[in-house]
Amino acid sequence: MRLCRFDENRLGVIYGEEVADVSAIAERLAAYRYPLPHFDPLIAQLDALRPELDANTKTAKRHAISRVRLLSPVANPGKIVAAPVNYQKHLDEARADSEIHNNSQVAVIEKAGLFLKATSSVVGPHEGVTISHPDRRNDHEVELVAVVGKVARDVAEKDALGCIAGYCIGLDMSMRGTEDRSFRKSVDSFTVLGPWLSTPDECRDVGNLHLSLDVNGEKRQSANTRDLVFSVARLIAYASSIYTLHPGDVIMTGTPEGVGPVKDGDVMTAYVENIGTMQVGVRVRRPPLA
Ligand code: MN
């Protein structure tokens, strides 16, 4: 199943080239009162809702995918865990490019560990990327993203993929510079998730998926997840040795080589095999005049 959010917080299931509007099912999710939970209520209930979602898909009102505005498939991620330098060739390019490494040594993932991005940086493909500091270099990073479906702590690598609700494409947009990663990569709109959440049955063999990114039709990144330094399972096991993972938590698995800058008006096309393609526009933020 491919699950999406679209237009004004509608819930959809992809059916061929159309989106079936199954929002009525979301209305039956438990309502939470303060303090709100640390998980995404829809992702937490996805297994239980699956039979109904499947049944409603055929009868629900449908719209052409091209006519809807796609939002992030995860509405309320509790945290965004991200892998730095998780492809060897990206590590090589980062070490060779002073604009990426900023004269600080780029450590291998075993030494660098993982990092967190602000959840407020999440947008969907329709909302696009807004550069707030056009005087700085702002790069695209296409990544396979795993979305956690179950509470997991100290999960073994062999059990890790069983904790996943699904996969989507992620853009880990990055302002280059000397500051901490969590600062540079948490700019509003710098985490693009989309175009939908593909459940694991749609996305087999996550260790062998082609992924790519074009800017204005020009190929920038093209790689395969078989070249991940830490596999998806190892990343989840590693993350869960530090953080309790909750339904809706987002795991960005790292970008391959070919990162580069984007500018106002660019259109990025990101692809991950077995998931799909999303187009994401880039614009520059123009603060309101005082
Ligand atoms: Mn990244």
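For the chain, adding -39500 (n - 2.57) for each run of n ≥ 4 DSSP H residues and dividing by the number of residues yields -4500 deg cm²/dmol at 222 nm.
Beyond 26 Å in Cα-Cα separation lie the following of the pairs 61/185; 117/263; 89/219: 61/185. Of the accessible area of the chain, computed with a 1.4 Å probe over protein heavy atoms only, carbon and sulfur atoms account for 49 percent. Amide H contacts of residue 131: 283, 284, 285, each under 5 Å away and 5 or more positions distant or on a separate chain (H built 1.01 Å from N in the peptide plane; Pro and chain starts excluded). Expressed in Å, the radius of gyration and Dmax of the Cα atoms of the range 80-284 are 15.6, 45. Close amide H pairs (under 5 Å, H built 1.01 Å from N) link residue 126 with 70, residues at least 5 positions away or on another chain. Each pair of Cα atoms in the range 2-67 enters the Kirkwood radius, and Stokes-Einstein at 20 °C and 1.002 mPa s then converts it into a translational diffusion coefficient of 170 µm²/s.
Does the range 95-136 come out rounded, prolate or oblate, given a ≥ b ≥ c as the square roots of the eigenvalues of its C-alpha gyration tensor, rounded meaning a/c under 1.5 and, failing that, prolate meaning a/b above b/c? It is oblate, given that a/c is not under 1.5 and a/b is not larger than b/c. In a fully extended conformation the segment linking residue 179 and residue 105 would gain 25.3 nm over its present Cα-Cα distance, using 0.36 nm per residue. Decide, for the range 50-167, between rounded, prolate and oblate: order the square roots of the alpha carbon gyration tensor eigenvalues as a ≥ b ≥ c, take rounded if a/c falls under 1.5, and otherwise choose prolate if a/b is larger than b/c, else oblate. Oblate.
Residue by residue, the range 238-244 carries 3J(HN,Hα) couplings of 4, 4, 6, 7, 10, 10, 5 Hz when phi is fed to the Karplus relation 6.51 cos²θ - 1.76 cosθ + 1.60 (θ = phi - 60°); x denotes Gly or Pro. Solvent-accessible surface of the range 49-131, taken per residue with a 1.4 Å probe and all protein chains present: 49 Å².
Of the GluC sites (Glu not before Pro) found in the range 165-270, no site is in coil according to DSSP while having at most 10 other Cβ atoms within 10 Å of its Cβ. In a fully extended conformation the segment linking residue 188 and residue 132 would gain 19.3 nm over its present Cα-Cα distance, using 0.36 nm per residue. The label point for residue 279 and the one for residue 31, both projected 7 Å from the Cα toward the Cβ, are 4.0 nm apart.
Beta bridges from DSSP with both residues in the range 116-248: antiparallel share about 90 percent, rounded to the nearest 5.
With a Förster radius of 41 Å applied to the C-beta separation of residue 156 and residue 61, the computed FRET efficiency comes to 0.40. Apply 1/(1 + (r/R0)^6) to the Cβ-Cβ distance of residue 244 and residue 52, taking R0 = 41 Å, and write down the FRET efficiency to the nearest 0.05. For R0 = 41 Å, the calculated efficiency reads 0.90.
The values are calculated or read from the model by the stated rules, or taken from the named source; none is laboratory data. Since we're looking at a predicted model, the values are computed, not measured. Because the Cβ atoms are built from the backbone with ideal geometry, glycine has one as well, and the counts that use them run over all protein chains shown. Quick note on the areas: whole protein, heavy atoms, side chains included, nothing else; ligands and nucleic acids left out. Shrake-Rupley method; radii C 1.70, N 1.55, O 1.52, S 1.80 Å.
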